[in-house]
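Since the structure comes first, as C-alpha cells, the remarks are kept for the end.
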C-alpha cells in the first residue's frame, strides 16, 4: 500500500503541475502576441483597446494560476493531513448514519466556499472592477451568498441524504450504483433544465422583451429555426456585470430565451438575431440533451467504478484512515479520479467546440451568410475583452468554444462558401 500511496502523490503532482504549466504557457503567449490585432478584427478595435484586452487576460491568467495553486494546496492538506481526524470528528456525532454522510459533505462544501471568499472578492471587487466589468455591490454579493447557502443546503443536502440512504438501505446496498446514479442524473436534469426558471429569478429580475418589433423578428427567426419558446425575456445582468450574453433555458413548453440587458444596447438588430440564431441552433440540434447523455454515460461509468472500489477498504488503507467510512473513501476516490480522468476535459471541450461550430454553420444556413454573427462576435469580443486567440495547447484543455479569430474567419469565408 505504501507504493500505491507514493504513486498517487507523484501522478497527482505531475497532473496538477501540467495544468499550472499550461497556464504559464498561455500567459507567455498573451504577453508576446496578445496585443497583435488579427486581420479579422482590424477596423473594429484600436491598438489601445486591444492592449487593454491583453492586460485583462494576462491579469486573469495570473489570478487563475494563483487560485488553482491555492486550491490544490488546500486539497493536499485536507487529503494528506486532515481527512482522518475530520472523519473521526464526524463519526463522534451521535446522529443517524445518513446525517453523518450529509454533514461530512456539506461541511466540506461550506469550508471550500469560505476559504475561496478572498479570491472571489478580489475577482469581483478588484480585478473585474478595474477593467470595468463588475457592477455588483457588497450588499448584493452578501445576499447572493446567503441565498446560495440556503439553496445548497436544501438541494445538495437532499440529494446527498437520498444517496447515502440508498447506499445503506438493506434492499439497495448491494446494487446501490443504479439508484444512486438515478438520483444523480435526476438532479443533473433539474439543474440543467428546470432550476434556471425556478432558482435564477431569486437572483435576477426577468421581464418580457419590451421592443415589439424586435420581439416580432425574434419569433419569425425561431419559426425559421424550428424552435418554440414560451417567451423572450431580458435579465437585469447589469446589477452584477457589464458582460453580455444570451441563452435558452427551460424544458418543453416552458423553454424561453433570456437576453442580458447589457446585450441589447451593444448589438444592432441583425447582429442580435444572429446571436439568438446561434443559441437556437443549440436547441434545434439538441446539443444540451446530447451533452446530458454524455454526462449521464460518464456518471454511470463513474458510479459503477465507485461501487466496485468502495466495496473494499483499499483507499482507507492507502491513506491510513482509522475507521474507513463510505463518504470518507468517496472523497479519496474523487481525489484519485481527478488523476485518472485528467484527459477528460480534452474530450469534453472538443465535443463542446464541435457543437459551437455546428451552431455557427446553422446560423449561416438560416440567415444566408455569417456576416452578422461574425460582426457580433467581433463586437462582443472587444466589449468583453475576450482572449480572441489563446495558445493552442492551452485552448485544447481549457476552451469550450473555438477561438474567436477562427470562428469569425470561417463565418465570413468558409461556411458561407459551402
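Looking at residue 409 and the list (1) in contact (Cβ under 8 Å) with a residue 24 or more places away in the chain; (2) under 26 Å from the mean Cα position of the chain (by Cα), which single condition is not satisfied?
Just one mismatch for residue 409, condition (2).
Could you grab me the full set of residues in the range 240-278 that are more than 16 Å from residue 379 (Cα to Cα), within 21 Å of the chain's Cα centre (by Cα) and surrounded by fewer than 17 Cβ atoms within 10 Å (Cβ to Cβ)?
247, 251
Per-residue answers, yes or no, for (1) free of Cβ contacts under 8 Å to residues at least 24 places away in the same chain; (2) surrounded by fewer than 18 Cβ atoms within 10 Å (Cβ to Cβ); (3) over 30 Å from residue 247 (Cα atoms):
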{"site": "285", "(1), (2), (3)": "no, yes, no"}
{"site": "292", "(1), (2), (3)": "no, yes, no"}
{"site": "298", "(1), (2), (3)": "no, yes, no"}
{"site": "335", "(1), (2), (3)": "no, no, yes"}
{"site": "342", "(1), (2), (3)": "no, yes, no"}
{"site": "359", "(1), (2), (3)": "no, no, no"}
{"site": "362", "(1), (2), (3)": "no, no, no"}
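Tally time: how many residues in the range 401-411 are part of a helix (DSSP H, G or I) and within 30 Å of residue 129 (Cα to Cα)?
5
For the range 70-95, give me the residue count where each residue is over 19 Å from the mean Cα position of the chain (by Cα), surrounded by 13 or more Cβ atoms within 10 Å (Cβ to Cβ) and under 21 Å from residue 14 (Cβ atoms).
7
Give just the number: which of (1) out of contact with any helix residue (DSSP H, G or I) (no Cβ under 7 Å at 6 or more places or on another chain); (2) farther than 21 Å from residue 308 by Cα; (3) surrounded by fewer than 16 Cβ atoms within 10 Å (Cβ to Cβ) does residue 202 not satisfy?
Failed condition: (1).
Looking at (1) assigned to a helix (DSSP H, G or I); (2) surrounded by fewer than 17 Cβ atoms within 10 Å (Cβ to Cβ); (3) in contact (Cβ under 8 Å) with a residue 12 or more places away in the chain, find the lone condition where residue 323 falls short.
Only one criterion in (1) assigned to a helix (DSSP H, G or I); (2) surrounded by fewer than 17 Cβ atoms within 10 Å (Cβ to Cβ); (3) in contact (Cβ under 8 Å) with a residue 12 or more places away in the chain is unmet by residue 323, namely (1).
Pick from 85, 31: which is closer than 30 Å to residue 388 by Cβ and at pLDDT 90 or above?
Only one candidate qualifies: 31.
Would you be able to say whether some residue in the range 377-400 is part of a helix (DSSP H, G or I), touching a helix residue (DSSP H, G or I) at 6+ places or on another chain (Cβ under 9 Å) and farther than 27 Å from residue 33 by Cβ?
Scanning the range 377-400 turns up no residue that is part of a helix (DSSP H, G or I), touching a helix residue (DSSP H, G or I) at 6+ places or on another chain (Cβ under 9 Å) and farther than 27 Å from residue 33 by Cβ.
Out of curiosity, is residue 297 within 27 Å of residue 399 (Cα to Cα) and touching a helix residue (DSSP H, G or I) at 6+ places or on another chain (Cβ under 9 Å)?
Against the criterion (within 27 Å of residue 399 (Cα to Cα) and touching a helix residue (DSSP H, G or I) at 6+ places or on another chain (Cβ under 9 Å)), residue 297 does not qualify.
Return a yes/no flag: does the range 32-40 have any residue that is free of Cβ contacts under 8 Å to residues at least 24 places away in the same chain, buried (at least 17 other Cβ atoms within 10 Å of the Cβ) and outside any helix (DSSP H, G or I).
Yes, the range 32-40 contains a residue that is free of Cβ contacts under 8 Å to residues at least 24 places away in the same chain, buried (at least 17 other Cβ atoms within 10 Å of the Cβ) and outside any helix (DSSP H, G or I).
Which ones in the range 364-376 are part of a helix (DSSP H, G or I) and either touching a strand residue (DSSP E or B) at 6+ places or on another chain (Cβ under 8 Å) or touching a residue at least 12 places away in the same chain (Cβ under 8 Å) (or both)?
Of everything in the range 364-376, those that are part of a helix (DSSP H, G or I) and either touching a strand residue (DSSP E or B) at 6+ places or on another chain (Cβ under 8 Å) or touching a residue at least 12 places away in the same chain (Cβ under 8 Å) (or both) turn out to be 364, 366, 367, 371, 372, 373, 374, 375, 376.
Would you check which residues across the range 151-174 are surrounded by 15 or more Cβ atoms within 10 Å (Cβ to Cβ) and part of a loop (DSSP other than H, G, I, E, B) and list them?
172, the sole residue that qualifies.
Assuming residue 317 fulfils every condition listed in (1) touching a helix residue (DSSP H, G or I) at 6+ places or on another chain (Cβ under 7 Å); (2) surrounded by 13 or more Cβ atoms within 10 Å (Cβ to Cβ) apart from one, which condition is it?
Every listed condition holds for residue 317 apart from (1).
Can you run down the residue pairs with Cβ atoms below 6 Å, 6 or more apart or on separate chains, where the first is in the range 214-225 and under 12 Å from residue 257 (Cβ atoms) and the partner is modelled with pLDDT under 90 and outside any helix (DSSP H, G or I)?
Note: pairs meeting the criteria are 215/209; 215/232; 218/232.
Just give me the residues in the range 116-150 being free of Cβ contacts under 8 Å to residues at least 12 places away in the same chain and part of a loop (DSSP other than H, G, I, E, B), in sequence order.
Listed by number, the list holds a single entry, 137.
Taking residue 385 as meeting all but one of (1) under 20 Å from residue 290 (Cβ atoms); (2) surrounded by 19 or more Cβ atoms within 10 Å (Cβ to Cβ); (3) modelled with pLDDT under 90, write down the number of the exception.
(1)
The values are calculated or read from the model by the stated rules, or taken from the named source; none is laboratory data. Bear in mind the structure is a predicted one, so any value in this text is a computation, not a measurement. For neighbour counting, all protein chains shown are included, and Cβ atoms are generated from backbone atoms with ideal geometry for every residue, glycine included.
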